[in-house]
1. Every residue in region A:72-84 that is more than 8 Å from chain B (Cβ to nearest Cβ) and either at positive phi or surrounded by 15 or more Cβ atoms within 10 Å (Cβ to Cβ) (or both), please.
2. All but one of (1) within 13 Å of DNA strand D (Cβ to nearest atom); (2) within 13 Å of chain A (Cβ to nearest Cβ) hold for B:Gln64; state the number of the condition that does not hold.
3. State which residue pairs qualify: first residue among the basic types (Lys, Arg) and inside region B:62-76, second residue part of a strand (DSSP E or B) and within 9 Å of DNA strand D (Cβ to nearest atom) in any location, beta carbons under 7 Å apart, and separation of 6 or more residues or different chains.
4. Test B:Gly93 against the stated conditions and say whether it is farther than 22 Å from A:Glu11 by Cβ, at the interface with chain A (Cβ under 9 Å from one of its Cβ atoms) and without any contact (Cβ under 8 Å) to a residue 24 or more places away in the chain.
5. Scan the helices (runs of 4 or more DSSP H) fully inside region A:1-89 and keep the ones with 1 or more residues being at pLDDT below 95.
6. For region A:20-62, what are the residues that are of a type in the set (Gly, Ala, Ser), at negative phi and over 11 Å from the mean Cα position of the chain (by Cα)?
7. For region A:92-123, enumerate the residues that are touching an Asp or Glu at 6+ places or on another chain (Cβ under 9 Å) and at pLDDT 90 or above.
There are 2 protein chains.
Amino acid sequence: MTVPLYRAKAEFFRTLGHPARIRILELLAEQELAVHELLDRIEIEPSNLSQQLAVLRRAGLITQRRSGSQVLYAISVQEVRDLLIAARRILFGLLEDREQLRRDLGSPAPSGLDGPGAPGLGS
Amino acid sequence: MTVPLYRAKAEFFRTLGHPARIRILELLAEQELAVHELLDRIEIEPSNLSQQLAVLRRAGLITQRRSGSQVLYAISVQEVRDLLIAARRILFGLLEDREQLRRDLGSPAPSGLDGPGAPGLGS
DNA sequence: TGCGGATATGAAGAAGTTGTCAAGTGCTAA
DNA sequence: TTAGCACTTGACAACTTCTTCATATCCGCA
């Protein structure tokens, strides 16, 4: 069965559409990590992490390999890093627009993102 | 209230995670279009289209303007186009890997995307 | 062989998303 | 002022996704 490309794209983006999965990808984009190392860096239950890893694995975005008693994960598609950076750029663009609008209108609506300027990929 | 960036990113990707919304963005990436023109090109109920447009509007990805009795939509963030192209590239990369694997294993599992090589953004 | 640490899997209720139908609103023109 | 397109909105059942809990599995070591 052939999936139209726009459907596959949507599915792909939905795979990225979860905070924990984003963090996992960002962390793995820097280096291979064991599950317990991810666990140290992400606030999430072990079983939940395992499930999110499974989602990314099924999508083919990360790979698993065993080393003794631990399991190491790595990004399998480096371009994902570019995608995350592009998303970051767009997001800040959107935020700026909104702030601009707010200034123009003089409206007091807050609610934004963390400011830019963080190093690395910025989580 | 401040939203951590990884959360905002996830939300952003979720916004893209719908076939109709992908098509809308791809079509609008080429030119401004009225709702009924989108309707001609996407197989979807008017009310459903309206809702998907509303989702994209709320996310700040598209803008609306009225012209007589019709409503014209346009992309408000051109970089989205790059993002879609990047996604397309990654998707074909994943597909190739899977095909490679299939050949290596000699397994007969089909199910893929439309082939590459389409012009434009490729829906 | 049996334990404990490191992960994975399954199941189930809560929460969120989608498509559709019915009922609006806005604008143009008769 | 009313008919009729062009869209939008609200509501709700059907579905999907999330989180959590309980239960496995796999491995290295005593």
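1. The answer is A:Leu72, A:Tyr73, A:Ile75, A:Arg81.
2. It is condition (2) that B:Gln64 fails.
3. B:Arg65/B:Leu72
4. Numbers: farther than 22 Å from A:Glu11 by Cβ: no; at the interface with chain A (Cβ under 9 Å from one of its Cβ atoms): yes; without any contact (Cβ under 8 Å) to a residue 24 or more places away in the chain: yes.
Answer is no for this residue.
5. Details: elements: A:5-16, A:19-30, A:35-41, A:46-58.
Filter on region A:1-89 gives A:5-16.
6. Step one: filter region A:20-62 for residues of a type in the set (Gly, Ala, Ser), giving A:20, A:29, A:34, A:47, A:50, A:54, A:59-60.
Within this subset, residues satisfying the condition of being at negative phi are A:20, A:29, A:34, A:47, A:50, A:54, A:59.
Passing the criteria: A:Ala34, A:Ser47, A:Ser50, A:Ala54, A:Ala59.
7. Once the filter is applied, which keeps residues that are touching an Asp or Glu at 6+ places or on another chain (Cβ under 9 Å) and at pLDDT 90 or above, region A:92-123 yields only A:Gly93.
Every residue, every condition in (1) within 13 Å of DNA strand C (Cβ to nearest atom); (2) outside the structural domain of B:Phe12 (by TED's automatic domain parsing); (3) in contact with a strand residue (DSSP E or B) (Cβ under 7 Å, 6 or more places away or on another chain); (4) farther than 26 Å from A:Thr63 by Cβ, yes or no:
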| residue | (1), (2), (3), (4) |
| --- | --- |
| B:Asp40 | no, no, no, yes |
| B:Arg65 | yes, no, yes, yes |
| B:Leu83 | no, yes, no, no |
| B:Arg98 | no, yes, no, no |
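The values are calculated or read from the model by the stated rules, or taken from the named source; none is laboratory data. What you see is a predicted model, and the numbers here were worked out from it, not measured in a lab. Note: ideal-geometry Cβ built from the backbone for every residue, glycine included; neighbour counts use all protein chains shown.
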